[in-house]
Amino acid sequence: MLSTIDILIQAPSSVMNDNKAKHLVLNLKIALIDQLKRALFIFFVEKDYTRFDPHVGENSCQIRVCQILDLLDKQQITFSMDLYHQRIRQLEKLTLNINLVLESLKKHVVIKRYHKGQAFIKSTLKDFLETNKCYCDLFEHEIFLVHTFLLSHYKKVNGIGDTCIDLVRLQDELGLSKTLAEKLVHRYQVRLSEWSTEFVRKCLNSSPKLKNFRSILDKLEYRDDDFRRVLPLFLMTKILINYLLISKKTILVVTERRHGIHFIDHIYMIFKPDNISSTFVLFDINLNCDELILNTPCFVVYGTVVYQSYCNPESDISYVKRFSQLGILDIIMANMAIHPQYSGNRLLKYKSNPYKLLSDEAEDIVEIHDIMHKFNKKIEVATKYGCSKENIDLFFIRHIICDTPINQMKANIKSKYCKE
């Protein structure tokens with residue numbers, strides 16, 4: 001069982017013998033418990049899964065979407081509003097206890113010292129919090145949600161169009177120094193990268209058809225510039241697509257169409273898993289108004305198609321037909337192949353094609369050549385059909401999130417429902 005110690009950035013064994021350190025930890029803990037309560041409310045009551053789209057920095061938003069979908073499957077069995085309210089009351093009681101300890105510290109009250117026989121033992125963070133009733137157990141999903149929520153809530157786009165964390169706002173709202181805010185963000189990003197990598201490995205290990213890729217994934221897992229665990233984008237997404245098929249998840253494609261720099265419309269396409277063909281098939285919303293599908297959280301893929309300013313845009317029906325002819329899986333994987341496989345500068349030599357750098361003398365050379373062949377083929381698809389940043393004739397993926405189709409469709413009045 002995890003605990004509220006696990007949402008802090010300090011180690012449980014950290015020495016806590018001066019009041020300044022205790023003040024810092026307790027105030028941070030109050031702020032993070034408040035973040036946890038907000039995260040639980042938004043996730044379980046408001047059910048706004050778009051608020052759990054964290055900036056981690058390793059090009060793996062699709063992993064977090066699958067983690068959320070997996071979490072929703074598990075919580076569907078165990079969650080109840082009674083349990084939710086019980087948990088909120090526990091967290092509020094914990095906050096009250098922490099405030100009482102803070103008041104005691106202001107009065108210079110000595111908070112229990114520790115002895116073993118006659119020898120004085122320094123108080124650790126874990127000792128201090130447990131003895132003064134400033135901690136409680138947390139479930140694994142609660143730890144995950146507070147991490148994803150915080151890195152989503154304080155996300156912003158900077159002046160050059162890059163996503164980053166708004167450290168100034170984080171400092172102001174949580175009452176942190178710049179150094180502590182930076183440490184908190186870094187620790188949360190590293191932790192999420194750890195859990196994301198482990199989730200992909202779990203998906204891989206649970207699928208016999210992908211077992212040949214295990215040793216390749218081992219060889220291609222690295223640490224990036226900021227010590228986050230990272231996996232090659234193409235192979236990682238291939239594993240996640242298999243997870244979506246097995247767990248029967250729906251994919252929603254949201255295409256923003258542009259004529260040069262001018263916005264035309266949004267087209268929404270829903271793809272359902274087909275057990276017979278082991279792929280995803282287009283679901284016609286107009287013919288099949290399935291309330292369950294429209295209201296069920298799914299894997300949402302945002303992308304763009306840009307028509308040259310000197311050409312007349314095609315009709316929405318023509319676009320959907322052209323999209324469907326290539327197929328959703330080929331389009332997604334083509335995007336993943338043409339995209340840099342890793343983030344940052346440390347892994348620069350692996351970004352374009354990490355597979356060709358693996359040794360020809362490796363025991364799994366057949367599997368390496370197989371995945372490298374598929375990778376190269378998808379690069380050709382991206383280049384030929386327009387699934388790259390340089391050529392956006394068909395569909396270039398901008399982002400992937402978790403949401404329900406109906407929420408996405410309501411978000412834009414100009415959206416068009418797809419027709420076959």
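Can you compute the modelled spin-label distance between residue 3 and residue 23, with each label point 7 Å from Cα toward Cβ, in nm?
Taking the two extended label points, one gets 2.5 nm.
Ignoring ligands, DNA and RNA, what accessible area per residue does region 48-111 give at 1.4 Å, in Å²? Don't skip to the end; give the middle numbers.
Numbers: 3340 Å² over 64 residues.
I get 52 Å² per residue for this part.
If you line up the long axis of helix 178-205 against the longest principal axis of the chain, both from Cα atoms, how many degrees apart are they, to the nearest 10?
50
Set the Förster distance to 56 Å, then compute FRET efficiency between residue 311 and residue 107 from the Cβ-Cβ distance, nearest 0.05.
Working: r = 75 Å, r/R0 = 1.34.
Calculated value: 0.15.
For a Förster distance of 51 Å, can you work out the FRET efficiency between the beta-carbons of residue 13 and residue 398, rounded to the nearest 0.05?
On the way: r = 43 Å, r/R0 = 0.84.
Approximately 0.75, to the nearest 0.05.
Just to be sure I understand the model, the point goes 7 Å from the Cα along the line to the Cβ. What's the resulting residue 41 to residue 272 distance in nm?
Going from the residue 41 label point to the residue 272 one covers 3.7 nm.
Could you work out how much longer the chain between residue 324 and residue 130 gets when fully extended? Use 0.36 nm per residue separation minus the Cα distance between them, nm to one decimal. Don't skip to the answer; put the middle values down first.
Numbers: separation 194, 0.36 × 194 = 69.84 nm, distance 5.77 nm.
So the extension gain works out to 64.1 nm.
For the chain, which whole percent of the accessible surface, found with a 1.4 angstrom probe, sits on carbon and sulfur atoms? Kindly include the intermediate steps, with their values, before the conclusion.
Numbers: 10860 of 20670 Å².
Solvent-exposed carbon and sulfur of the chain make up 53 percent of the total.
At a 10 angstrom cut-off on C-beta neighbours, averaged per residue, how do the peptides 22-33, 308-319, 249-260 rank from highest to lowest? Before the final figure, lay out the partial values.
On the way: 22-33: 18.8, 308-319: 12.3, 249-260: 20.5.
So the order, starting with the most tightly packed, is 249-260, 22-33, 308-319.
Which of the peptides 123-131, 336-344, 40-48, 81-89 is most tightly packed, and how do the rest follow, judged by the mean count of other Cβ atoms within 10 Å per residue?
On the way: 123-131: 19.3, 336-344: 20.9, 40-48: 15.4, 81-89: 12.1.
My ranking of the peptides, most packed first, is 336-344, 123-131, 40-48, 81-89.
For the chain, rounded, prolate or oblate, judged on the Cα gyration tensor with a ≥ b ≥ c (square roots of eigenvalues), a/c < 1.5 rounded, else prolate if a/b > b/c? Display every interim value, and only then the final one.
Numbers: a/c = 2.14, a/b = 1.72, b/c = 1.25.
In terms of gyration-tensor shape, prolate.
Positive end of the dipole of the chain, charges at C-beta (+1 Lys, Arg; -1 Asp, Glu), about the Cα centre: which of 105, 392, 368 has its Cα farthest in that direction?
Result: 105, furthest along the dipole toward the positive end.
Please list, or write none, the aspartates and glutamates whose alpha carbon is within less than 15 Å of the alpha carbon of residue 22, excluding same-chain residues fewer than 8 places away.
Result set, ordered by chain and number: 103, 127, 130.
Within 10 Å, count the other beta carbons around each residue, average over each peptide in 152-161, 68-77, 400-409, and list them highest first. Working shown, then result.
Numbers: 152-161: 12.7, 68-77: 15.0, 400-409: 20.3.
Highest-to-lowest ranking by the protection proxy: 400-409, 68-77, 152-161.
Indicate the gyration tensor shape class of region 1-94 (rounded, prolate or oblate), computed on the Cα atoms with a ≥ b ≥ c the square roots of the eigenvalues: a/c under 1.5 is rounded; otherwise a/b larger than b/c is prolate and the rest oblate. All intermediate terms of the calculation are to be shown ahead of the outcome.
On the way: a/c = 2.36, a/b = 1.46, b/c = 1.61.
Cα axes put region 1-94 in the oblate bin.
Using only Cα atoms, find the angle between the long axis of helix 140-153 and the longest principal axis of the chain, and express it within 0 to 90 degrees, rounded to the nearest 10.
That helix lies at roughly 70 degrees to the long axis.
Calculate the FRET efficiency for residue 389 and residue 369 from the Cβ-Cβ distance with a Förster distance of 35 Å, rounded to the nearest 0.05.
On the way: r = 28 Å, r/R0 = 0.79.
About 0.80, to the nearest 0.05.
Please state the charge dipole magnitude for the chain, taken about the Cα centre, from unit charges on C-beta atoms (+1 on K and R, -1 on D and E), reported in debye and rounded to the nearest 20.
Values: 58 positive and 49 negative charges, 221 e Å.
Computed about the Cα centre, the dipole is about 1060 debye.
Pairs to check: 272/356; 47/74; 47/156; 37/156; 47/155; 356/378. Give those whose C-alpha atoms are more than 27 Å from each other in this structure.
Cα-Cα > 27 Å for 272/356; rest within.
The values are calculated or read from the model by the stated rules, or taken from the named source; none is laboratory data. Bear in mind that the values here come from a model prediction, so they are computed numbers and not experimental data. All Cβ positions, glycine included, derive from the backbone under ideal geometry; neighbour counts span all protein chains shown. To get the accessible areas, we keep the full protein, side chains included, count just its heavy atoms, and leave off ligands, DNA and RNA. Shrake-Rupley method; radii C 1.70, N 1.55, O 1.52, S 1.80 Å.
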